[in-house]
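Right, one structure below, let's go through it.
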Amino acid sequence: MNYCSQCGRPVILKIPVDDNRERFVCDHCDTIHYQNPNNVCGAILTQGERVLLCKRAIEPRYGLWTLPAGFMENNETVAEGAARETMEEANARADELTLFGIFSMPYISQVYMMFHGELVSDISPGPESLEVGLFTRAQIPWDQLAFPVITHSLELYFEHGTDKVHHAWFSRGPDRSVEVHSID
């Protein structure tokens, strides 16, 4: 951040009074600009033994497979966001969505909230997907999944089902590899 969104003057990075973290602060109007993690909501939609995947038509990770997921919007619940993303990416609807997992990714300032639901509609690619499909565990293109959190979510689903809510955090090593730290 370079400029204050309130008055347009340059901001500086400093620790405000009674705070413990550096923040962007405008010395002209005293506005403190807090930056918080992005919430990502998505869904594991299933039909029998198969899971819905979408091939990304956008960056990042264009052409790789993912679960339908995206940034939460203002004025929606997390479950509504997950349902919206499945509609936007795969023209898909689910019955009731239940929380499957919460995954913290502090190295990119994101929190993923993944839901599970049974697919109750036909599917077709939305504007953010090149193609969509239903895959059994053996059919999933594991080496072509877009993000580590998607791989982890699918592994948890196939290994443990939906009997509990999963919780993990991800870290990035010096070699850019991603490690999963399970909390459950």
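Each reported figure results from applying straightforward, stated rules to the coordinates on display, with no laboratory input. If you're wondering where the values come from, they're calculated on a predicted model, not measured in any experiment. Neighbour counts run over all protein chains shown; Cβ positions are idealised from the backbone, glycine included.
List of remarks:
- 5 angstrom amide H check on residue 64, placed H, neighbours 5+ away: 56
- Cα-projected label distance for residue 50 with residue 9, points at 7 Å along beta-carbon direction, nm: 6.1
- Normalised by residue number, the volume inside the convex hull of the Cα atoms of the stretch 1-109 is 160 Å³ per residue.
- Spatial separation of Cα centroids for the stretch 94-123 and the stretch 29-54, in angstrom: 7
- Calculated FRET efficiency for the pair residue 118/residue 183, C-beta based, R₀ 22 Å, to 0.05: 0.25
- Backbone N atoms of the stretch 15-51 closer than 19 Å to the 7 Å Cα→Cβ label point of residue 1 belong to residues 15-39.
- The stretch 81-184: equivalent-ellipsoid semi-axes (sqrt of 5 x gyration tensor eigenvalues, Cα, Å): 24, 16, 14
- Neighbour-count order for 183, 44, 58, fewest beta carbons within 10 angstrom listed first: 183, 58, 44
- All Cα pairs of the chain, percent lying beyond 30 Å: 29
- Each Cα pair under 8 Å and six or more residues apart adds its separation to the average, and for the chain the resulting relative contact order is 20 percent.
- Order by protection proxy (mean Cβ within 10 Å, highest first), peptides 99-105, 136-142: 99-105, 136-142
- J(HN,Hα) series, the stretch 101-109, from Karplus relation 6.51 cos²θ - 1.76 cosθ + 1.60, nearest Hz, glycine and proline x: x, 10, 10, 8, 10, x, 5, 10, 6
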